[in-house]
Amino acid sequence: MREDDGLLERQVNQQGKRRRSEKSPPLCIYCRTAKADTRDHVPPEVLFPIPKPSTLVTVPACRACNRGFQKDDEVFALLLTSLLEVNPQGRSVFRSKVAEGLLKRSPKLRKALAATMHFRPHTFPGGQQGLAPALLIERDRMLRVLRRIVRGLFWHEYRC
Ligand SMILES: [Zn+2]
């Protein structure tokens with residue numbers, strides 16, 4: 001065996017290993033134990049009006065993790081799109097996804113939100129002072145969504 005044959009054999013073996021690792025599904029970036037058999041949108045897809053942009057970032061996630069995010073994402077969308085001075089895209093998301101989606105199919109959430117509804121002092125655009133409707137939203141739920149967005153964008157940027 002020539003010295004070059006050994007080098008060629010090592011190169012072929014390395015290419016084979018690389019090909020195998022490229023073909024095997026990656027691990028879920030959230031739990032890091034299950035194989036990623038879905039893609040998770042980061043930020044959550046529910047935050048975008050219809051039609052959604054084609055350039056949304058997705059990251060590998062297992063089905064169990066991905067399913068577990070749905071309610072958090074919807075409540076996060078509710079929080080962001082029910083603000084008083086929300087932009088037209090936010091109003092569109094509120095109408096199409098929050099009012100016609102989440103709130104319509106979840107009487108329990110509607111009841112819980114109604115129980116927390118209250119009025120707080122607010123300065124409106126133009127400087128007028130008055131009372132504005134306010135809701136109490138679970139802080140932990142919002143932090144879970146924000147942490148997941150940061151985790152996903154970090155993975156998207158650095159692949160780790
Ligand atoms: Zn997972």
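The values are calculated or read from the model by the stated rules, or taken from the named source; none is laboratory data. Not measured: the values here are computed from a predicted model. Positions of Cβ are generated from backbone atoms using ideal geometry, with glycine treated the same way; all protein chains shown enter the neighbour counts.
Quick one: Arg39 ticks every box in (1) within 14 Å of the ligand (Cβ to nearest atom); (2) outside any loop (DSSP other than H, G, I, E, B); (3) surrounded by 15 or more Cβ atoms within 10 Å (Cβ to Cβ) except a single one, so which number is it?
(3)
Only one of these is in contact (Cβ under 8 Å) with a residue 24 or more places away in the chain and part of a loop (DSSP other than H, G, I, E, B): Leu102, Leu84, Leu80. Name it.
Checking each option against the conditions leaves just Leu84.
Evaluate the following for Ala77: is it over 24 Å from Pro26 (Cα atoms) and either hydrophobic (A, V, I, L, M, F, W, C) or loosely packed, with under 13 Cβ neighbours inside 10 Å (or both)?
The answer is yes for Ala77.
Taking Cys62 as the residue in question, decide whether it is more than 16 Å from Phe154 (Cβ to Cβ), of a type outside the set (Gly, Ala, Ser) and in contact with a Cys (Cβ under 6 Å, 6 or more places away or on another chain).
Considered against the rule, which asks whether it is more than 16 Å from Phe154 (Cβ to Cβ), of a type outside the set (Gly, Ala, Ser) and in contact with a Cys (Cβ under 6 Å, 6 or more places away or on another chain), Cys62 comes out as yes.
Output the residues belonging to the range 81-101 that are hydrophobic (A, V, I, L, M, F, W, C) and at pLDDT below 90.
Across the range 81-101, the qualifying residues are Leu83, Leu84, Val86.
Condition first: within 16 Å of the ligand (Cβ to nearest atom) and of a type in the set (Val, Ile, Thr). Now tell me which residues in the range 56-100 satisfy that.
Those that are within 16 Å of the ligand (Cβ to nearest atom) and of a type in the set (Val, Ile, Thr): Thr58, Val59.
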